[in-house]
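Colleague: First the structure, which I've put down as structure tokens, then a few questions once you've had a look.
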């Protein structure tokens, strides 16, 4: 092999190594970006579900009032009460309730669904006091 051939081979190997490293780095950054977006989505959905559960537990809102409501990234009680249209909704809440074996407690399941794809983002459950029946 001549000296030129050896230099050409070294350059080709160096370029191949750089391309391989760049491709691996891009794949790693893409995976990190995807996981960061998913974590942010779970955080928003968790905040929304916990806010809805707190409103139900405190008696400020009933499961029937919150079921099917559309939200941005936070629960806005004003929009639920007034029935206003939420601009650019991101999530839809579905609330399911069922009695438990313990007297006076209901199991409330809050499902946070993405509006565009109807994909379940988060499901949160909590036991809350059953509403008192006024006689």
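The values are calculated or read from the model by the stated rules, or taken from the named source; none is laboratory data. Remember, it's a predicted structure, so these values are computed and weren't measured experimentally. All Cβ positions, glycine included, derive from the backbone under ideal geometry; neighbour counts span all protein chains shown.
Colleague: Kindly indicate whether any position in segment 108-121 is closer than 21 Å to residue 58 by Cβ, modelled with pLDDT of 85 or more, touching a strand residue (DSSP E or B) at 6+ places or on another chain (Cβ under 9 Å) and not in a strand (DSSP E or B). Talk me through it step by step, then tell me what you get.
Modeller: Of segment 108-121, the ones closer than 21 Å to residue 58 by Cβ are 108-112.
Next, from what is left, pick out any that are modelled with pLDDT of 85 or more: 108-112.
Okay, now just the ones that are also touching a strand residue (DSSP E or B) at 6+ places or on another chain (Cβ under 9 Å), so 108-112.
Those left that are additionally not in a strand (DSSP E or B): none.
Looking through segment 108-121, none of the residues is closer than 21 Å to residue 58 by Cβ, modelled with pLDDT of 85 or more, touching a strand residue (DSSP E or B) at 6+ places or on another chain (Cβ under 9 Å) and not in a strand (DSSP E or B).
Colleague: Sticking with this structure for a sec: Answer with yes or no whether residue 81 is at pLDDT below 85, exposed (fewer than 15 other Cβ atoms within 10 Å of the Cβ) and either part of a helix (DSSP H, G or I) or on the phi > 0 side of the Ramachandran plot (or both).
Modeller: Values: at pLDDT below 85: yes; exposed (fewer than 15 other Cβ atoms within 10 Å of the Cβ): yes; either part of a helix (DSSP H, G or I) or on the phi > 0 side of the Ramachandran plot (or both): yes.
Judged against the criteria, residue 81 is a match.
Colleague: When you scan segment 66-76, do you find a residue that is surrounded by 11 or more Cβ atoms within 10 Å (Cβ to Cβ), closer than 12 Å to residue 110 by Cα, at pLDDT 85 or above and out of contact with any helix residue (DSSP H, G or I) (no Cβ under 7 Å at 6 or more places or on another chain), even just one?
Modeller: No - not one qualifying residue is present in segment 66-76.
Colleague: Against the conditions (1) at pLDDT 85 or above; (2) under 22 Å from residue 128 (Cα atoms), where does residue 6 fall short? Just the number, please.
Modeller: That leaves (2) as the condition not met.
Colleague: When residue 101 is evaluated against the numbered criteria (1) closer than 13 Å to residue 46 by Cα; (2) modelled with pLDDT of 85 or more; (3) surrounded by fewer than 18 Cβ atoms within 10 Å (Cβ to Cβ), which criterion, by number, is the only one it fails?
Modeller: Among (1) closer than 13 Å to residue 46 by Cα; (2) modelled with pLDDT of 85 or more; (3) surrounded by fewer than 18 Cβ atoms within 10 Å (Cβ to Cβ), the lone unmet condition for residue 101 is (1).
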